[in-house]
Amino acid sequence: MTKRTQAKVDKQGKEIRRQRALIRERVAPSQRRRIRDYDRDEQNELRMDMIHGQTHFNFIKMYLLSHFCDHIRQFGNIPIYSTDIGELAHKTQIKDGWRQSNENDAARQIVHSYDRQHAIRMRLLNLESVQARGAYLSADVLQHLDRTPSTVSQQVIRRRILKGCREDVSNVVDFSRISGVLLEIIYRELIRYSRHNLPAAHALPEDHAMLRSLAVELLTQLEIPVLAFQEADVYEIHRARSTGALHFRNQGSRNDWVWVQAATEEMYCALQGRLPAKLVALLKTRDKRPDDKVRRVGGVQMLTPVNSGRLSDLHGLVTVQMREDTRGFTIVDVGTILGLAHLIPEENRRWLVHSRIDLRTFNEVY
């Protein structure tokens, strides 16, 4: 009920009570209770009639819903236009400055306060940089730096976590049987992975007979900590799943699209060295040598960018497609799996990279 409707109901109620009070003065005491109950019922009916008369959906939030579908098709996911950043700046720059002022010519005081804080932060950054290079600083400056928290935020590194171990796989042969990938392809990819990623002292054996007995654990989920947009220590957890042929929650099998760091940032134009891939398997391997080294790898079907990863002039997105070579299965280190990817299917085994799915992806793919 709106305030206007409530005011009308209260006004009508007062008028009814006034009229009934005059009537009750003229009737016998035995009838007053019946008249009071009748007045209450009549007032409730009046309130409901006025509420129903004022009920409608002609307000801005309901009107915007009619445009959401078209806007998403044209501009992408709505949260990329979030106002959180502007609201945060309003709090730190305006509200905090207002509270610190004496409310006399507050605008000037807010500007001066923010400029002074910014200058002090820049000064501390310069002193920390000079100190890191080993330059001489006076004792009072060093004492002040020791008492002042560092202005450089220290990024907390979080590990990727593998979960959901399957009991039906114990070696490479079992994995080949479960996944449908030929043993020769698995051997080739393990050798390639070992040559490119492992030091010589911990390299995998290249003899197929020894690789055949390599201990393997097959898992179904990888938790990937991804830094939240414009944050230094706040992480979002992307849960990439690879169930193979098994059903996920009584539905079909699930093999998620993920981002893989496949090259340096100078490669693939807008993708900056990253390629989307389908997560086929998550593995832990352990050889039988004395060091008993555990390696965490993922099996993926890598896609390749169309037009070298340049943005399309038509829709502003990158198009990717299945690789034309025979490498339909590639082993990568789990550390190169950066997070979940969102692809929009097209014809002829092509997909559009949905770079507008969230603020972080929107900022990284350009």
Practice prompt. Kindly check whether there is at least one residue in the stretch 344-354 that is within 30 Å of residue 214 (Cα to Cα), surrounded by 14 or more Cβ atoms within 10 Å (Cβ to Cβ), in the same structural domain as residue 166 (by TED's automatic domain parsing) and modelled with pLDDT of 90 or more.
Written response: no
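Give the residue, chosen from 282, 275, 311, 303, that is surrounded by 17 or more Cβ atoms within 10 Å (Cβ to Cβ), assigned by TED's automatic domain parsing to the domain that holds residue 171, in a loop (DSSP other than H, G, I, E, B) and at pLDDT 85 or above.
So the residue among 282, 275, 311, 303 that is surrounded by 17 or more Cβ atoms within 10 Å (Cβ to Cβ), assigned by TED's automatic domain parsing to the domain that holds residue 171, in a loop (DSSP other than H, G, I, E, B) and at pLDDT 85 or above is 311.
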Item to complete: Might you let me know whether the stretch 178-189 holds any residue that is more than 24 Å from residue 257 (Cα to Cα), modelled with pLDDT of 90 or more and exposed (fewer than 15 other Cβ atoms within 10 Å of the Cβ)?
Response: yes
Fill in: Of all residues in the stretch 228-272 being loosely packed, with under 15 Cβ neighbours inside 10 Å and touching a strand residue (DSSP E or B) at 6+ places or on another chain (Cβ under 6 Å), the one that is modelled with the lowest pLDDT
228
Item to complete: Please state which one of 296, 323 is under 29 Å from residue 218 (Cα atoms), at pLDDT 90 or above, touching a Leu at 6+ places or on another chain (Cβ under 9 Å) and assigned by TED's automatic domain parsing to the domain that holds residue 171.
Response: 296
Worksheet, complete the sentence: Conditions (1) within 24 Å of residue 192 (Cα to Cα); (2) touching a residue at least 24 places away in the same chain (Cβ under 8 Å) -> residue 206 fails only (2)
Discussion item. Looking only at the stretch 249-283, count every residue that is under 21 Å from residue 168 (Cα atoms), in contact (Cβ under 8 Å) with a residue 60 or more places away in the chain and either out of contact with any Leu (no Cβ under 7 Å at 6 or more places or on another chain) or of a type in the set (Phe, Trp, Tyr) (or both) and tell me the total.
Written reply: 1
Discussion item. When you check residue 316 against the structure, is it over 18 Å from the mean Cα position of the chain (by Cα), farther than 28 Å from residue 189 by Cα, assigned to a loop (DSSP other than H, G, I, E, B) and not charged (D, E, K, R), yes or no?
Written reply: yes
Worksheet item: Does residue 217 count as under 30 Å from the mean Cα position of the chain (by Cα), acidic (Asp, Glu), surrounded by 13 or more Cβ atoms within 10 Å (Cβ to Cβ) and closer than 27 Å to residue 261 by Cα?
Response: yes
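Could you please give the count of residues in the stretch 177-194 that are in a helix (DSSP H, G or I) and within 34 Å of the chain's Cα centre (by Cα)? Break it down stepwise before answering.
First pass over the stretch 177-194, keeping only residues in a helix (DSSP H, G or I): 177-179, 183-194.
Add one more test, that the residue is within 34 Å of the chain's Cα centre (by Cα), and what stays is 178-179, 186, 189-190, 192-194.
Residues meeting the conditions: 8.
Looking at the stretch 159-176, which of its residues are part of a loop (DSSP other than H, G, I, E, B) and acidic (Asp, Glu)? If you could, list the steps in order and put the result at the bottom.
Kept after step one, since they are part of a loop (DSSP other than H, G, I, E, B), are these residues of the stretch 159-176: 159-160, 164-170.
Of everything in the stretch 159-176, those that are part of a loop (DSSP other than H, G, I, E, B) and acidic (Asp, Glu) turn out to be 167, 168.
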Item to complete: Please enumerate the residues belonging to the stretch 200-225 that are touching a helix residue (DSSP H, G or I) at 6+ places or on another chain (Cβ under 7 Å) and of a type outside the set (A, V, I, L, M, F, W, C).
Response: 205, 206, 208, 212
Worksheet entry | Selection count where residues are closer than 12 Å to residue 158 by Cβ, more than 8 Å from the chain's Cα centre (by Cα) and free of Cβ contacts under 8 Å to residues at least 40 places away in the same chain, scope the stretch 228-237 | 1
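The values are calculated or read from the model by the stated rules, or taken from the named source; none is laboratory data. Because the structure is predicted, anything quoted here is derived from the model rather than measured. Note that each Cβ is placed from the backbone with ideal geometry, even for glycine, and that neighbours are counted across all protein chains shown.
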